[in-house]
Amino acid sequence: MKLATIADGTRDGSLAVVSRDLARFVAVPEIAPTLQAALDDWIRAAPALLAIADSLDAARWPDARPFDPAHALAPLPRAYQWLDGSAYVNHVELVRRARNAVMPPEFWTDPLMYQGGSDDLAGPRADIVHADEAWGIDCEAEVAVITGDVDVGTTREQALRAIRLVTLVNDVSLRNLIPAELAKGFGFVQSKPATAFAPVAVTPDELGDAWRDGKLHRPLTTMINGQLFGRPDAGVDMTFDFGRLIAHAAKTRRLGAGSIVGSGTVSNREVGADGTFGPGRPAADGGVGYSCIAEQRTVETILGGKPVTPFLRFGDRVRIEMFDAKGASIFGAIDQVVRGPG
């Protein structure tokens with residue numbers, strides 16, 4: 001089933017069940033007023049929500065209303081926890097290589113993860129608003145999962161069973177603020193503004209065989225100003241699956257229902273004619289491209305000595321979407337415009 005949060009003038013919006021084709025929705029206050037409430041009572045709420053989803057898809061719900069992503073908030077407009085991993089180690093390796101930094105071998109065995117701000121999560125049509133283009137505004141297309149309660153010390157297999165929903169993320173980054181923050185040795189704050197989410201979150205079973213081994217095996221499309229920027233497959237080159245990421249986060253603490261765990265920037269390597277791996281090519285050159293501008297700039301630096309592609313500027317438009325094998329949008333699109341204040 002597919003779930004969304006509809007704007008209703010309150011902080012947390014109203015929970016809705018959305019049809020598989022993203023055309024119609026039904027508000028479900030009698031089951032749960034919000035998605036967080038449904039997650040808190042998932043054993044009871046999930047079967048009732050699924051029954052409505054089945055009726056909606058079978059066109060047996062005459063009072064269903066048209067679903068407009070412009071009226072959707074993030075599935076969880078504010079969450080108890082937002083943890084973002086870096087499961088595609090190829091992305092980490094490229095970025096470090098561009099600045100001549102050594103790649104610690106443990107990066108391939110122990111996930112990287114940071115805790116982001118979760119009190120203000122942006123909807124799929126929210127503008128990306130910043131005071132200065134010089135901050136290096138960048139998109140990051142990712143997959144994310146929303147969990148139920150996760151016990152401390154959970155195993156990978158237990159963690160996978162705790163996944164309730166899957167969605168897409170634009171983890172906006174301010175690249176030119178990152179170095180100074182990381183140099184302090186205490187992590188991101190100013191360089192990681194509000195994260196945006198797709199219009200709907202879906203249960204793993206909705207994804208069919210595209211969801212396996214704790215990974216979502218579909219290309220993730222990023223368009224910038226109407227041009228294809230990247231289409232890497234989210235199931236390829238994912239070093240740490242979502243079970244590993246969740247278990248990593250829960251090693252020393254419980255995760256409450258409604259915790260969101262991100263994959264990090266989706267990134268694919270490219271196999272050369274000699275069988276060796278190298279950085280992927282830009283989409284404009286026939287490659288799968290990238291899920292963030294920083295990675296394209298990194299490849300440009302490695303191959304040509306300096307970056308060429310600019311970061312996002314005021315007026316630019318970013319669209320992030322994933323399609324099923326038949327070409328239908330799975331989660332709806334994150335579609336955001338970058339602008340200055342005022």
Filter result (in a loop (DSSP other than H, G, I, E, B) and either more than 11 Å from Asp84 (Cα to Cα) or at pLDDT 95 or above (or both)) within the range 106-116: Thr109, Asp110
The range 205-224 residues that are free of Cβ contacts under 8 Å to residues at least 40 places away in the same chain, paired with ones that are aliphatic (A, V, I, L, M) and surrounded by fewer than 18 Cβ atoms within 10 Å (Cβ to Cβ) (beta carbon under 8 Å, 6 or more apart): His217/Val236
Matching residues in the range 303-313 - criterion: being surrounded by fewer than 14 Cβ atoms within 10 Å (Cβ to Cβ) and either in contact with a Pro (Cβ under 6 Å, 6 or more places away or on another chain) or on the phi < 0 side of the Ramachandran plot (or both): Leu303, Gly304, Lys306, Val308, Pro310, Arg313
Within the range 230-264, tally of residues that are assigned to a loop (DSSP other than H, G, I, E, B) and under 26 Å from Val288 (Cα atoms): 12
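Specify which of the listed residues (Leu76, Leu83) is part of a loop (DSSP other than H, G, I, E, B) and closer than 21 Å to Ala194 by Cβ.
Details: Leu83 fails: part of a loop (DSSP other than H, G, I, E, B).
Criteria check complete, one pass: Leu76.
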Qualifying residue in the range 31-41 (condition: closer than 26 Å to Ser329 by Cβ, outside any loop (DSSP other than H, G, I, E, B), among the charged types (D, E, K, R) and in contact (Cβ under 8 Å) with a residue 40 or more places away in the chain): no
Any hit, the range 165-176, residues being out of contact with any Phe, Trp or Tyr (no Cβ under 8 Å at 6 or more places or on another chain), modelled with pLDDT of 95 or more and part of a helix (DSSP H, G or I): no
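For residues in the range 279-296 being open to solvent by less than 10 Å² (accessible area, probe 1.4 Å) and part of a loop (DSSP other than H, G, I, E, B), which is modelled with the lowest pLDDT? Give the steps one after another, and end with the answer.
Applying the first criterion (open to solvent by less than 10 Å² (accessible area, probe 1.4 Å)) to the range 279-296 yields 280, 289-293, 295.
Of the ones still in play, those that are also part of a loop (DSSP other than H, G, I, E, B) are 280, 290-292.
On the way: Gly280: 78, Tyr290: 96, Ser291: 97, Cys292: 96.
Residue satisfying both the conditions and the ranking: Gly280.
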Residues of the range 203-232 satisfying the condition of being surrounded by 22 or more Cβ atoms within 10 Å (Cβ to Cβ) and among the hydrophobic types (A, V, I, L, M, F, W, C): Leu216, Leu220, Phe229
Single unsatisfied condition, Ala74 versus (1) open to solvent by less than 20 Å² (accessible area, probe 1.4 Å); (2) small (Gly, Ala, Ser); (3) more than 20 Å from the chain's Cα centre (by Cα): (3)
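The values are calculated or read from the model by the stated rules, or taken from the named source; none is laboratory data. This is a predicted model, so every value here is computed, not measured. Note that we place each Cβ from the backbone using ideal geometry, even for glycine, and neighbour counts take in every protein chain shown. Each accessible area value is taken on the protein alone, full model and side chains, heavy atoms only, with ligands, DNA and RNA left out. Shrake-Rupley method; radii C 1.70, N 1.55, O 1.52, S 1.80 Å.
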